[in-house]
1. Averaged over peptide A:35-43, how many Cβ atoms belonging to another chain are found within 10 Å of each residue's Cβ?
2. At 222 nm, what value in deg cm²/dmol follows for chain B if DSSP H runs of at least 4 each add -39500 (n - 2.57) and the sum is divided by all its residues, to the nearest 500?
3. Karplus couplings for the stretch B:34-46 from phi (6.51 cos²θ - 1.76 cosθ + 1.60, θ = phi - 60°), rounded to Hz, Gly and Pro as x?
4. Can you give the angle from 0 to 90° between the axis of helix B:71-93 and the longest principal axis of chain B, with both taken from C-alpha atoms, to the nearest 10?
5. Given the DSSP H assignment, sum -39500 (n - 2.57) over each helix run of at least 4 residues in chain A and divide by its residue total; what's the result at 222 nm in deg cm²/dmol, nearest 500?
6. Can you give the average number of partner chain beta-carbon atoms within 10 Å of each beta-carbon in peptide B:64-70, as a whole number?
7. Just how large is the dipole of chain A about the Cα centre, in debye to the nearest 20, putting +1 at every Lys and Arg Cβ and -1 at every Asp and Glu Cβ?
8. Check which residues have an amide H placed less than 5 Å from residue A:99's amide H, if you skip close sequence neighbours.
Amino acid sequence: MSLRDRAWFPVSYMFVLTLVLSTILIIFGTATRKRVEENETLAFERAVLEALSIELGAASAPGQIHRIYLSDIRAADETSASALMYIKGDSLHGYALPLEGPGFWAPIKGVIGIAPDRVTITGIAFYEQNETPGLGGEITRPSFRTQFAGKRITDAGRPLEIRSPSEPLDESSVHAITGATQTSIRLEKFMNERLAGWRDAMEAVR
Amino acid sequence: MMARKKTSDVVLTAIWGDNPVFRQILGICSALAVTNLVLNTMVMGAAVIFTTALSGLTVSLLRKHTPRIIRMMVEVLIVAFYVILFDQALKAYWPEMSRNLGPYVGLIITNCIIMGRAEAFANANPPGLSFIDGLASGIGYSIVLVSVAIVRELLGMGSLLGVAMPFFSSSLWDRWIIMVMPPGAFFTLAVIVWFARTAQKDREAEKKQGAK
């Protein structure tokens, strides 16, 4: 009876092969883990800076973004109601409020920037989304995002509105993306819940 | 035992005569899901080429030692190994693309083309030839996917590889939103299969005529 015909052979064969291949994957995974984590942190930091319309200019190298983030962005405290603060010199230049909610396919994560007056939006950026490329995925494009800059959060009710592209705009509304109704509705919903919560919390701080 | 296959025959069969997508209708799920941007599709194609070629090679190297009763488990294990390797590399070195492709790279594990090649070819052929067969099958798959993507991105978004194309990006062209959505892939793929099969039929007919 040769080795191959024994009953334990297939089991041991599978075990050894799994062991070898898994070991390689674990080594590779460990070797790249730091990089993967850095990529995730960097995506978030970039979104914060973009939402605050901080001029990155040509110097948008990863190291540069991380440096600006470390020097100018402060963690949230009781005066900012869970929003990060943009502090340059000694004065407050803006708030960055992280957003998170369900999209059409998968969760959308982003950051919305608000000026020190607590009303004017400075910008919006997304660092994680899986919307349909070319439709909902367009929320990451400047053509959609630049609409937010300069808009004002209303005093009561829905802070901002995402309207159908055929409707006129006012100082608290932006146009949705054609063909991405579901993404727009969901984004509007969780963004407004977050902004309304923040508006009330900041009212209490004042 | 069949005669030793010629490399050029293997390549030609995999890319044209027995193309995985339009002849065997395999790997359709990813063909529908990731073909609305040419760049994403090219990376997806690269992932499949990488996996089919190397898993073909590995399955073939182990074919004489692998017990028959567990060979499919072994094949899945090998395929999964290469897919995870590619996915991890993408996450580390091209995070934007990794986010764009989402779960589809991981789903290559269940792509029938790869298991199909492992079962139908690599199990019974030498390593070098299996590697080439995998490579060519992957290329055959990618050619069809990229063709679908070119049609969809051009008609749906008016661009190619993200670059705006004249006419299609102007106001003269009313962008076909359906091309960006999944149904667009159904129509495009069906038309491509139709053309490819018509062309093949004509050639087959010619061959038969010649033989007579």
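Any read-out appearing in this document is the output of simple, stated calculations on the displayed coordinates, not a laboratory observation. On a predicted model such as this, the values are computed, not experimentally measured, just so you know. Positions of Cβ are generated from backbone atoms using ideal geometry, with glycine treated the same way; all protein chains shown enter the neighbour counts.
1. Counting other chains' Cβ atoms within 10 Å and averaging over A:35-43 gives 3.
2. Dividing the helical sum by the residues of chain B leaves -21500 deg cm²/dmol.
3. 10, 9, 9, 10, 4, 5, 4, 5, 5, 5, 4, x, 4
4. The angle comes out at about 40 degrees.
5. Rounded to the nearest 500, the figure is -14000 deg cm²/dmol.
6. Going residue by residue through B:64-70 and averaging, the value is 4.
7. 640 debye
8. Those lying under 5 Å, H to H, from residue A:99 are A:110, A:111, A:112.
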